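Peer 1: I have a structure I would like to understand better, so I am pasting it below and will then ask my questions one at a time.
The values are calculated or read from the model by the stated rules, or taken from the named source; none is laboratory data. This one's a predicted model, so the numbers in the text were calculated from it and none came from an experiment. Neighbour counts are summed over all protein chains in view; Cβ atoms, including those assigned to glycine, are modelled from backbone coordinates with ideal geometry. All accessible areas refer to the heavy atoms of the entire protein, side chains included, with ligands and DNA or RNA removed. Shrake-Rupley method; radii C 1.70, N 1.55, O 1.52, S 1.80 Å.
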Number of protein chains: 2
Amino acid sequence: MFAEAGYRDASLRRIAAVAEVDAALISHYFGSKDELFAEAMALPFDPGELAERVFGPGIEGAGERLCAAFLALWESDAYGRQLRGLMRAAASDERAAERFRGFVQSRVLPLPGEHLAIDRPRQRMALIAAHLVGIAFLRYVLAVEPIASTPRDDLVRWVGPVVQQYLSGDLASPGDGGGQP
Amino acid sequence: MFAEAGYRDASLRRIAAVAEVDAALISHYFGSKDELFAEAMALPFDPGELAERVFGPGIEGAGERLCAAFLALWESDAYGRQLRGLMRAAASDERAAERFRGFVQSRVLPLPGEHLAIDRPRQRMALIAAHLVGIAFLRYVLAVEPIASTPRDDLVRWVGPVVQQYLSGDLASPGDGGGQP
């Protein structure tokens with residue numbers, strides 16, 4: 001309901017009607033609509049486990065592995081719908097935006113630094129996140145063609161090297177001597 | 001009002017109140033709320049003019065020029081607010097999503113092909129658009145750090161080469177013989 005109708009229009013009453021329960025029962029178990037929303041938006045997968053698979057084997061090939069894992073997640077029956085709802089909500093509701101921002105900053109951006117010896121791991125991962133989030137937005141939320149119908153393997157082959165460049169390329173600022181801190 | 005309150009909550013009555021006019025006057029001049037929205041969301045700049053500046057001088061350096069022009073637009077007093085509103089609306093409202101999709105497909109994706117002799121210009125531009133839109137989403141809409149506070153010049157220096165890679169790199173599918181059509 002949050003994914004389809006948006007945060008504002010998904011009233012406890014409508015949710016209760018679809019769930020065929022009394023709205024009071026939802027309040028009893030989940031508290032406010034915001035708490036129910038937090039529960040519904042809690043990511044059902046562990047980003048740490050995903051990072052282990054992507055970065056654990058080393059930096060070589062990590063770009064393609066990350067890209068493939070990200071797209072597979074968005075195209076999975078289990079998580080795709082929820083991720084689309086999360087992105088829609090983050091764009092239109094300030095509470096959802098805060099939650100999304102907190103998740104990215106505390107759970108996503110540290111991941112490469114936990115596995116790889118690279119300079120500026122958070123800055124690199126922020127650029128990668130921006131690219132992947134943008135692909136998700138155009139492909140899954142807005143359905144812009146041709147990116148919506150591009151075969152997943154083609155996307156991995158094109159975007160993977162770019163993600164790799166962000167991971168292992170030079171990310172220097174002028175005057176800081178080549179990017180090593 | 002559309003940018004701040006979202007499409008659904010921006011009623012003609014609220015808009016009229018802020019504008020200090022009678023709601024009937026808005027209906028008289030703009031028709032329905034959807035027509036007013038179309039008017040408000042009409043891009044105030046010409047993507048063709050921007051493409052002329054970016055792609056006109058040739059493919060060399062086009063990645064950095066495009067990246068710089070895109071960020072400058074989002075950070076301008078004239079267009080920044082409206083662009084944020086457009087993105088928020090596109091994520092949460094199906095009519096706005098259609099309009100955004102139509103704009104990208106008909107006005108943005110053809111641009112490099114009008115100036116540069118490259119294969120698959122629409123596919124390349126779709127990947128570039130995905131990256132730039134993702135940066136706008138994280139930087140201007142969600143304010144994810146560190147990307148929200150990264151100096152614009154740094155972003156241009158990091159993202160520009162990636163955009164360039166999408167413009168001038170190999171975009172082959174297996175079996176189509178190296179990416180030239």
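Peer 1: If one computes the Cα centroid of segment A:9-73 and of segment B:7-45, what distance in Å separates the two points?
Peer 2: Taking the Cα centre of segment B:7-45 as reference, the centre of segment A:9-73 is 36 Å away.
Peer 1: Rounded to the nearest 100 Å², what's the accessible area chains B and A bury against each other, both chains counted, probe 1.4 Å? Walk me through the numbers before you get to the answer.
Peer 2: Values: alone 10150 and 10150 Å², together 16390 Å².
When B and A are taken together, about 3900 Å² of accessible area is lost.
Peer 1: Related question: Where in segment B:124-164 does accessible area fall by at least 50 Å² between the isolated chain and the complete protein assembly, at a 1.4 Å probe radius?
Peer 2: Buried on complex formation: B:Leu127, B:Ala130, B:His131, B:Phe137, B:Leu138, B:Leu142, B:Val144, B:Pro146, B:Trp158, B:Val162.
Peer 1: Okay, next question. On the accessible surface of the protein assembly as shown, probed at 1.4 Å, how many percent belong to carbon and sulfur atoms?
Peer 2: That fraction is 52 percent.
Peer 1: For the protein assembly as shown, what's the radius of gyration and Dmax over Cα atoms, in angstrom?
Peer 2: Every Cα atom of the protein assembly as shown included, Rg and Dmax give 21.4, 65 Å.
Peer 1: Between B:Tyr29 and B:Glu60, what is the label-to-label distance in nm when each label sits 7 Å out along the Cα-to-Cβ direction?
Peer 2: Result for the modelled spin labels: 5.0 nm.
Peer 1: Need one number: nm distance between label points at B:Glu49 and B:Ser149, each 7 Å from Cα along Cα→Cβ, rounded to one decimal.
Peer 2: My value for the distance between the label points is 3.5 nm.
Peer 1: Mind checking the per residue accessible area of segment A:54-181 for me, 1.4 Å probe, whole number of Å²?
Peer 2: About 39 Å² of surface per residue is accessible.
Peer 1: Would you be so kind as to identify which of B:Ala51, B:Gln82, B:Ala69 lies farthest towards the positive end of the dipole of chain B, taking Lys and Arg as +1 and Asp and Glu as -1 on Cβ and the Cα centre as origin?
Peer 2: In chain B, that residue is B:Gln82.
Peer 1: How many nm is it between the label spots at A:Glu75 and A:Glu20, if each spot is 7 Å from the Cα in line with the beta carbon?
Peer 2: Here the modelled spin labels are 3.4 nm apart.
Peer 1: Scanning chain A for helices, which whole DSSP H stretches are 15 Å or more long along the axis (Cα) and average 0.5 or more by Kyte-Doolittle?
Peer 2: Span-like helices, by this rule, are A:62-74, A:121-136.
Peer 1: If a/c stays under 1.5 just call it rounded; otherwise compare a/b with b/c (prolate if a/b is bigger, oblate if not). Do that for segment B:34-97, with a ≥ b ≥ c from the square roots of the Cα gyration tensor eigenvalues.
Peer 2: Because a/c hits 1.5 or more and a/b exceeds b/c, segment B:34-97 counts as prolate.
Peer 1: Also, I was wondering about something else. By what distance, in whole Å, do the Cα atoms of segment A:63-117 stretch along each of the three principal axes, largest value first?
Peer 2: Projected onto the principal axes, the Cα atoms of segment A:63-117 cover 36, 25, 14 Å.
Peer 1: From the Cα trace of segment A:71-181, what convex hull volume per residue do you get, rounded to a whole Å³?
Peer 2: Once divided by residue count, the hull of segment A:71-181 is 132 Å³.
Peer 1: Could you compute the net charge surrounding B:Ala136? Neighbours are other residues with a C-beta less than 12 Å from the C-beta of B:Ala136; K and R count +1, D and E count -1.
Peer 2: +2
Peer 1: Further, regarding this structure: When the helices in chain B are scored as -39500 (n - 2.57) per DSSP H run of 4 or longer and the sum is shared across all residues, what 222 nm value do you end up with, to the nearest 500 deg cm²/dmol?
Peer 2: On the way: 11 runs with 116 residues, N = 181.
Taken over chain B, the calculation gives -19000 deg cm²/dmol.
Peer 1: In whole angstrom, and with the biggest value first, how far do the Cα coordinates of segment A:20-141 range along each principal axis?
Peer 2: 53, 24, 24
Peer 1: Applying the Karplus parametrisation 6.51 cos²θ - 1.76 cosθ + 1.60 with θ = phi - 60° to the phi angles of segment A:107-112, what ³J(HN,Hα) value in whole Hz is obtained for each residue in order, glycine and proline being reported as x?
Peer 2: With the stated coefficients, segment A:107-112 comes to 10, 9, 4, x, 4, x Hz.
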